[in-house]
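Since the structure comes first, as structure tokens, the remarks are kept for the end.
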Amino acid sequence: MILNIYANVKGFGMTADGSAADLVASLKGYLEELRESGVDGLSWASVQERAGVEPATEAVVPGEVATSREGETLEQIRAELGECQRCPLCTRRTNLVFGTGNPGARLLFVGEAPGRDEDLQGEPFVGEAGQILNRIITRMGLKREDVYICNVLKCRPPGNRNPEPAEIEQCGPFLLRQVQAIAPEIIVALGTFAAQTLLGTKAPISKLRGTFHDYHGIPLMPTFHPSFLLHNKKDTGKFWDVWDDMVKVLGKLDMPVPDVKRKE
Ligand code: URA
């Protein structure tokens, strides 16, 4: 745990100047002292205090895990997140990206984490991958406002690296509460990371997609991430795989399936 925190702090771009190097050295010494004295865990707040960082007033420290509360609204969940400082991603974010769309949506899309555009605008899937997701939604005969869109992580990981377990641990309960507040009939997990995290599996997306799985009693369809489609534009088969998954989703929702012609 201590070493994880050290790795997180060290990983946060603190090598560029002398003061950052001093801070890392000081934290390292502090963590080693604690470990030698038998302490095997400490809160993010105490790391901030040691680093001389002023916590925001609404700060909630790790350990105060958000659990589901019956009847709560998305607004209440967002308010509880506040200026979240539960993990180190808070130090670099421009905006926390909570989610967008219809709070009573029948269909929920869950991606991985905000990217650069999302961090800047505070809304999920507004960059290039978002354009692809918009096309998928439109092809389904729906509008972005009809569905709800959010991510496993609410803050952008630096350089769009994969989310880390400690980050998922802090954000995951809020996602579950969002799901419970929205109570969608179906969830679409976009990409490997969202699918594996929500389903608690390491199975590859190519094996997971195409069939419904269960997330807290809600049917969940994993499919390829829009970014994957973007980076594999020539592989039109992957687009059709996603479309096939969405046809199954529409079928389960008892919604009409638009006639989309495939070129031979
Ligand atoms: N990729 C994601 O997984 N989520 C976003 O919001 C944007 C890109």
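Read the figures in this text as sums done on the coordinates, not as results from a lab. Keep in mind it's a predicted model, so treat the numbers as computed, not measured. Methodologically, a virtual Cβ is constructed for each residue, glycine included, from the backbone with ideal geometry; neighbour enumeration extends over all protein chains shown.
Whole-Hz Karplus values for region 97-106 come out as 9, 7, x, 8, x, 7, x, x, 4, 7 Hz, taken residue by residue from phi with 6.51 cos²θ - 1.76 cosθ + 1.60 and θ = phi - 60°; glycine and proline positions read x.
Please label the shape of region 88-213 as rounded, prolate or oblate, based on the square roots a ≥ b ≥ c of the eigenvalues of the alpha-carbon gyration tensor (a/c under 1.5 means rounded; beyond that, a/b larger than b/c means prolate, else oblate). Here region 88-213 falls in the rounded category. Taking amide hydrogens as placed 1.01 Å from N in the peptide plane, the amide H of His213 sits under 5 Å from those of Leu220, Met221, each at least 5 positions away in sequence or on another chain. With the simple model of a label 7 Å out from the Cα in the direction of the Cβ, Gln76 to Arg92 spans 3.4 nm. Remark: region 225-231, residue by residue, has Karplus-estimated 3J(HN,Hα) of 6, x, 5, 5, 5, 4, 8 Hz, where x stands for each Gly or Pro and the curve is 6.51 cos²θ - 1.76 cosθ + 1.60 at θ = phi - 60°. Dimensions of region 62-162 along the principal axes, based on C-alpha atoms and rounded to the nearest Å, stand at 42, 37, 19, largest first. Evaluated over region 137-242, the count of Lys pairs having alpha-carbon atoms less than 24 Å apart is 8 (only pairs 8 or more residues apart or interchain).
Ellipsoid fit via the Cα gyration tensor, region 171-264: semi-axes of 24, 17, 11 Å, each the root of five times an eigenvalue, largest first. Among the trypsin sites (Lys or Arg not before Pro) within region 201-241, those in coil by DSSP and having at most 10 neighbouring Cβ atoms inside 10 Å are Lys202, Lys233, Lys234.
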